[in-house]
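Heads up, the thing below is written out as structure tokens.
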Amino acid sequence: MENSEKIDDAVYIFFMSPSSYTGEDVVEICCHGNPVIVGSILDRLCFFGARLADPGEYTKRAFINGKMDLVQAESVGLLISAKSKDAVKHQSKNLSGRLSKTISLIRDDLLVSLSSLEYEFDISENDSGVDNFLKKSLKTINNNILLVNELLRSYVRSKAYQQGVRVVICGQTNAGKSTLMNALLDSNRSITSNIAGTTRDTITSDLVVGGVPITLVDTAGLRDPQTPIE
């Protein structure tokens with residue numbers, strides 16, 4: 001209510017701790033999406049002592065309260081800013097805990113190998129099976145090294161999906177740079193002409209190829225300046 005007048009017909013949903021996103025008691029207000037209505041509701045709530053959340057505050061609280069780990073918390077922001085379906089798919093898997101589980105399994109494996117090695121070297125008096133034990137431990141460590149290397153490779157792929165790639169088309173004048181860009185975009189984004197020097201400024205446009213966001217940049221042809229403007 002505002003000045004005794006109803007602001008909107010809204011639905012209130014209460015999430016009791018710890019079964020909420022942040023792990024705290026949370027109330028969600030579902031109202032009509034008009035910015036005026038949303039603003040009026042927020043103004044009334046702030047009038048009675050509430051405040052606007054800082055950017056990322058809900059995810060920060062979820063992390064502090066143990067609702068997600070650091071990898072998942074980072075994935076929230078990356079999921080929101082994802083520019084392609086593949087990027088969304090990848091970050092959704094990370095948010096679900098898939099990457100965290102893999103890292104945790106690697107860590108547990110290595111800790112078991114380390115503790116077993118320390119036991120064999122410092123405490124165990126059985127020397128007959130040391131060679132076999134060392135071979136087994138080495139195999140476990142090498143397998144985990146392979147897993148780590150695969151994670152590193154997947155990070156490179158994920159970075160391309162997430163941040164995209166900038167591709168600059170450059171070359172001599174009238175080499176077909178603008179024509180190539182238009183063909184890739186399937187539109188007349190760049191002006192084409194038989195007259196050399198038609199493209200004077202860089203022209204950018206975005207597309208997605210194989211799930212990777214690409215920013216194409218059409219540039220002026222490479223030649224000796226013909227005019228003071230060039």
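Taking 0.36 nm per residue of separation and subtracting the current Cα-Cα distance, fully stretching the chain between residue 145 and residue 215 would add 21.7 nm. Panel order for 68, 16, by other beta carbons found within 10 Å of each beta carbon, from fewest to most: 16, 68.
For the chain, the fraction of C-alpha pairs more than 23 angstrom apart is 72%.
Which ³J(HN,Hα) values, rounded to whole Hz and listed in residue order, are derived for segment 107-116 from phi using the Karplus coefficients 6.51, -1.76 and 1.60 in 6.51 cos²θ - 1.76 cosθ + 1.60 with θ = phi - 60°, glycine and proline given as x? Taking θ as phi minus 60°, the curve returns 4, 5, 4, 5, 5, 5, 5, 5, 5, 5 Hz for segment 107-116. Whole-Hz Karplus values for segment 201-213 come out as 10, 5, 10, 10, 7, 10, 8, 10, 10, x, x, 9, x Hz, taken residue by residue from phi with 6.51 cos²θ - 1.76 cosθ + 1.60 and θ = phi - 60°; glycine and proline positions read x. Over what distance in Å are the Cα centres of segment 1-44 and segment 134-178 separated? Comparing the Cα centres of segment 1-44 and segment 134-178, I get a distance of 44 Å. Remark: the residue 102-residue 172 segment gains 20.3 nm on full extension, using 0.36 nm per residue and subtracting the alpha carbon distance. The length gained by stretching the chain between residue 69 and residue 121 to full extension, at 0.36 nm per residue less their Cα-Cα distance, is 15.2 nm.
Between residue 17 and residue 92, the modelled labels are 3.2 nm apart [label points 7 Å from Cα along Cα→Cβ].
The GluC sites (Glu not before Pro) found in segment 5-49 that occupy coil by DSSP, while having at most 16 further C-beta atoms within 10 Å, are 24.
Within the chain, antiparallel bridges make up roughly 70 percent of the DSSP beta bridges whose residues both belong there. Here's the picture: charge each Lys and Arg Cβ at +1 and each Asp and Glu Cβ at -1 in the chain, and of 80, 167, 56 the one pushed furthest to the positive end of that dipole is 167. Modelled this way, with points 7 Å down the Cα-to-C-beta line, the labels at residue 109 and residue 206 are 3.8 nm from one another.
Only the coordinates and a few stated rules stand behind these numbers; no lab work does. Predicted, not measured: the structure shown is a model, and the values here were computed from it. Positions of Cβ are backbone-derived with ideal geometry, glycine not excepted, and every protein chain shown enters the neighbour counts.
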